[in-house]
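One structure is given below, encoded as C-alpha cells.
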Amino acid sequence: MTRARRPEGNLPVPVTRFVGRRQEIAVLRRALQDARLVTLTGVGGVGKTRLALEVARAVQRAFPGGAWMVDLSTVVEGGQVPQAVATALGVLDRSTRPPVDSVAELLHDSEALIVLDNCEHLIDGCARFVADLLSRTVQVKVLATSRQTLGIAGEHLFAVPPLAVPDEAGMASTEAIGASDAVQLLLDRARALQPGFALTEANRVAVARLCARLDGLPLAIELAATRMRSLSLEQLLDRIEGRFALLTGGSRVAGARQQTLRAVIDWSHSLCSPAERLLWARLSVFTGGFDLEAAERVCSGDGLPAPDVLDLLDRLVAQSIVLSDTGPDGLRFRLLETIRQYGRERLAELGEEAQLLRRHRDHFLALARAAAAQWCSPRQQAALARLRTEHGNLRAALEAAMIDPDGPQTALALAGALRQHWYADAFLGEGRRWLDQALALPDPAAAPARTEALWVAAWVSLLQGDLQAGRLRLSEAGERARDTGDERSLGFVHTLNGTALLFQGRLPEAEAEFSRGLAVFERIGDTEGSLWVMFQLAITLAHGGSSSRAQEIGGQALELSQATGERLCRAYTLWVLGFDCWRQGDLDAADRYAREALELERLFNDPVGAGLVIELVAWIAGSRGDLPTAARTLATADSVWSLIGTTLAAFGPPLRTHRDACERLLAERLDPEAARQARERGRQVSVESAVAAVLDRDGGAGSHADSPGRRPGPLTSREEEVAALMAQGLSNRAIAGQLVISQRTVDGHVERILAKLGFTARTQVAAWVAGREAHSGR
C-alpha cells in the first residue's frame, strides 16, 4: 500500500478568526470537484482573498501536489505572472526556458491547487497563463480572485456576496441579529480591541444598522471596528449615515458596493490627521511591504520629519490602515492593496508621485549596494534574506529606474548590484531580463555602471548554459574595463572567461584565465572576486590531476572565507576538496567535506551548489559499495537539476564522466527493482527538501545508522534536533529561525516526528525527549 503524501504548499496561516461563509465554502468545494478553474469575483474589500484561502485550506488534503498561494499584488505587468507563480512554487529560475514551461513541467502529473490572487490588474496575462497551464497539465486546478472574469474556456464563476446582514425591517431578537455573519465579524473584531464588548438588548439596533449601512463588506466592517475604541456606536452611525446618504436606498449591485467601499475608505481617511494622511499617501509607493527604516527614509521630509514617522505609523496600524507582521526578518508593515491604491491616488493629487518613486528607487538601490558590500562578511546570509524579502520593492525600483529621464545609469547600477540576488536566490531568469532591459537602454555616455552590468549579465548567462550570450557580454565588458582602467571588472572578465572554458572542458585555458583573474583580485585586494575564482581554479586543477595544488588553493580559500565570515563560496570550496579527496580514494575525508558543504547549503536557496554536492555524495556511496544509497542520491540530484532545467553536463565534461561511471556501476550491479525503488525514494520537490533528505538520511551524508556515536532511535539526527527544540516549547516558526530552514520544512519534520513516535501532541514529544536525556545521563 502506497502511503499518501503529506499535503504541501505555502498557504499563509491566518492571524484572525474566519467568520461565517459556511455556505460559500461548501459551494466552492463542490465547484472545485467539477471545474479546473474557479474564479471568485466581486468588489475590492468583499473578502475574495480570505475566502479563497479558507477554501484552499479546507481542500488542501485533496491535493497531494500542494495548495499554493500566488499573490499578484506586487506584480506590475502581465508578462511577469508566470514568474510569480514559479517563484511561489519554488521553481528555481536558472534556465533559459520561459517560466511557464518550468511550471507546466513541474506540475504535469501533479494534483495541485494554485490560488491566483489579485488578478484584476493583470487580467490578460493571467488569462494567457491559466489557459496555457491547464492545457499542458492533467490534474492542476486554479482558484482565482479578481474583480472581473478571466474570460477563458472552462471558467466557473462565483460572485462573492457581502456578508449576510440583519433584516432591519424585521429585527425580532438579539439572538437573530447575532446570527448574522456581518454582526459576528463586527463583534469578533471589536472584542479584539475591547474584550468585554458584547451584543446586548441596548445596542442590538445600533449594531444591526451599522452592519447594514456598511453593506456587509468585511473591509468596511473591520475599518469601522477600529474606531469603536474612540467612538460610540451611535457616533459611528451618525458619521457613516451622513457620508453614505446617497447610497442608503441604492441598488446592491457591484457598482454600488464599490462606491460603498470607497466611501468607507474616504471616511477612514477623513478621520486621519493631515500628517497621517500624508504618510498614508507616501507609503503607497511600497510594493509587498516595508520596514520602519524604509518608511523613515523614503517618506520623511517636506513636511514630515523623520522622528514623527514611527508615531504616525503606529497610529495608522492602530486604525488598520497599515497591517503589521512579525516574521524572520523582524517587524514589517504592509498596506492592503485597496488601501494602497487609494493612497496612490492621493499621492498623485499631492503632486508627489514622481518624487516619492525616485526616493523609493534610491533607497532600494542603496539596499542592493549594501547587500553586495556585505557579501564577504558574517552578514552574507542576512543580506540575501533581506533581498528576498524586498523582491517586490526591488521590482518596483527597477521599473522606476527603467523610465528614469536622467538616463540608464541607475537602472544599470541597480541590476548589477543585485548580482547575488540573481544567482544565489535562484532568480537568474528574471535577473537576465532586467539586465537585458537595462543594457538595451540608450547609452550616449560611457556609463561606469554599464561595465559591471555587462559582466553580471555574462555570469547569469553562463549559469543558464548560454555560453554564446555570455561570451558576447564578456567581450564588451573586457573592452570597457581595459579602456577605463576598471581592474575589478577586468578580474571578473578573466574569471568568467575561465568559467566558460571550464564548462567546455578546456582545462589548461581555463586554468590560465582563472590565474589571471586571481592575480588581479589579489593585487587590488578584492576578497569577493578572490573567493569566486579560487574554488573554480581548484576544481580545474583537481580535474587535471593536480591534487596537491587543488588542495593548496582550496585551503587558502577556506582560510579567507573563515576570516571574513563568507559562507557560500566556502560551501563550493568544501565540495571541491571533497571531490578531490574522493578521487584520491579518501572516502572518509570526502564524506566530511560533503556533509559540511551541505550544512552550509541549508542556509541558501542555491541549486547549483546543492546539486553538485549531492552528486558527490552519490559517487562516494557508489565507491563504498552502498549502491541503494547511490541510486537514491542520484535521483535526489536529478530532482535538483530538473528544478532549474539543466543537467550536470552543463558544468563540464569531467563531471559528466564521473556521473556516467556511477550510473554504469548501478546498472551492472544493482537489481532493477531495487534501483527503481531507490529512485522513487530519492525524488524531491525543492532544493531545501533535497538537502534535508541527504543530510537527515541515516544521520547525514555518507554516514550509517550504526555509526559510532549515534544513538539508536526512530528519528534522524535532524528530527532529533527539531524534537529537542519542540521540548523547549519553541513554535515551528521559532524552530525554523533557530535552524535557519523554512517553516514548511519544520512543519514536515514535526509531522514525521509525531508519526514515528505514535504521538498526537507536542507535550508527548517533550516527555519523550526528557526520558531520552535521563536515560543517557545528560
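The values are calculated or read from the model by the stated rules, or taken from the named source; none is laboratory data. Keep in mind it's a predicted model, so treat the numbers as computed, not measured. All Cβ positions, glycine included, derive from the backbone under ideal geometry; neighbour counts span all protein chains shown. Accessible surface areas use protein heavy atoms only, side chains included; no ligands, DNA or RNA. Shrake-Rupley method; radii C 1.70, N 1.55, O 1.52, S 1.80 Å.
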Subset of region 353-397 (residues that are more than 17 Å from residue 294 (Cα to Cα), open to solvent by 20 Å² or more (accessible area, probe 1.4 Å) and not small (Gly, Ala, Ser)): 374, 376, 378, 379, 381
Selected residue (only one of 510, 563 is farther than 30 Å from residue 625 by Cβ and free of Cβ contacts under 8 Å to residues at least 12 places away in the same chain): 563
Answer residue from region 125-141, given it is open to solvent by 50 Å² or more (accessible area, probe 1.4 Å) and touching a His at 6+ places or on another chain (Cβ under 8 Å) and is modelled with the lowest pLDDT among those: 138
Residue tally, condition charged (D, E, K, R), more than 15 Å from residue 526 (Cβ to Cβ) and either part of a helix (DSSP H, G or I) or under 33 Å from the mean Cα position of the chain (by Cα) (or both), over region 442-497: 9
Looking only at region 155-174, and only at residues there that are assigned to a loop (DSSP other than H, G, I, E, B) and loosely packed, with under 13 Cβ neighbours inside 10 Å, the one that is modelled with the highest pLDDT: 173
Residue check, residue 545 at positive phi, modelled with pLDDT under 95 and open to solvent by less than 40 Å² (accessible area, probe 1.4 Å): no
Residues satisfying the stated conditions in region 102-119, i.e. open to solvent by 40 Å² or more (accessible area, probe 1.4 Å) and part of a helix (DSSP H, G or I): 105, 106
Selection within region 542-576 - among the basic types (Lys, Arg) and either within 23 Å of residue 506 (Cβ to Cβ) or touching a Cys at 6+ places or on another chain (Cβ under 6 Å) (or both): 549
Check on residue 215, of a type in the set (Asp, Glu) and at pLDDT below 85: yes
Yes/no for residue 529 being on the phi > 0 side of the Ramachandran plot and either polar (S, T, N, Q) or under 31 Å from the mean Cα position of the chain (by Cα) (or both): no
Condition broken by residue 733, with the remaining ones in (1) in contact with a Pro (Cβ under 9 Å, 6 or more places away or on another chain); (2) under 26 Å from residue 617 (Cα atoms); (3) at pLDDT below 80; (4) assigned to a helix (DSSP H, G or I) satisfied: (2)
Selection count where residues are of a type in the set (Gly, Ala, Ser), part of a loop (DSSP other than H, G, I, E, B) and open to solvent by 10 Å² or more (accessible area, probe 1.4 Å), scope region 36-62: 3
Residue match in region 77-87 (condition: out of contact with any Ser or Thr (no Cβ under 7 Å at 6 or more places or on another chain), buried (at least 17 other Cβ atoms within 10 Å of the Cβ) and more than 29 Å from residue 459 (Cα to Cα)): no
Filter pass, residue 215 being buried (at least 19 other Cβ atoms within 10 Å of the Cβ) and in contact with a Ser or Thr (Cβ under 9 Å, 6 or more places away or on another chain): yes
So residue 620, is it at pLDDT 90 or above and touching an Asp or Glu at 6+ places or on another chain (Cβ under 7 Å): yes
Filter pass, residue 411 being under 24 Å from residue 76 (Cβ atoms) and either open to solvent by less than 10 Å² (accessible area, probe 1.4 Å) or among the small types (Gly, Ala, Ser) (or both): yes
Options 549, 516; residue that is under 22 Å from residue 578 (Cα atoms), touching a helix residue (DSSP H, G or I) at 6+ places or on another chain (Cβ under 7 Å), free of Cβ contacts under 8 Å to residues at least 60 places away in the same chain and part of a helix (DSSP H, G or I): 549
Members of region 64-76 found to be crowded, with 18+ Cβ neighbours inside 10 Å, at negative phi and in a loop (DSSP other than H, G, I, E, B), listed by number: 65, 72, 73, 74, 75
Number of the condition not met by residue 333 [criteria: (1) of a type in the set (Phe, Trp, Tyr); (2) within 26 Å of the chain's Cα centre (by Cα); (3) closer than 15 Å to residue 272 by Cα]: (3)
Extreme residue, farthest from residue 461 (Cα to Cα), among residues of region 619-665 that are in contact (Cβ under 8 Å) with a residue 60 or more places away in the chain and small (Gly, Ala, Ser): 621
Single unsatisfied condition, residue 94 versus (1) over 17 Å from residue 56 (Cα atoms); (2) touching a Leu at 6+ places or on another chain (Cβ under 8 Å); (3) at pLDDT 90 or above; (4) open to solvent by less than 10 Å² (accessible area, probe 1.4 Å): (3)
Flag if residue 208 is surrounded by 15 or more Cβ atoms within 10 Å (Cβ to Cβ), assigned to a loop (DSSP other than H, G, I, E, B) and small (Gly, Ala, Ser): no
Filter result for residue 196 (assigned to a loop (DSSP other than H, G, I, E, B) and either at positive phi or open to solvent by less than 10 Å² (accessible area, probe 1.4 Å) (or both)): no
Where a residue in region 142-153 is modelled with pLDDT of 85 or more and its partner, wherever it lies, is in a strand (DSSP E or B) and open to solvent by 10 Å² or more (accessible area, probe 1.4 Å), with Cβ under 7 Å and at least six apart: 146/41; 149/41; 149/155; 149/157
Scope region 307-317; condition surrounded by 13 or more Cβ atoms within 10 Å (Cβ to Cβ) and of a type in the set (A, V, I, L, M, F, W, C); matching residues: 309, 312, 313, 316, 317
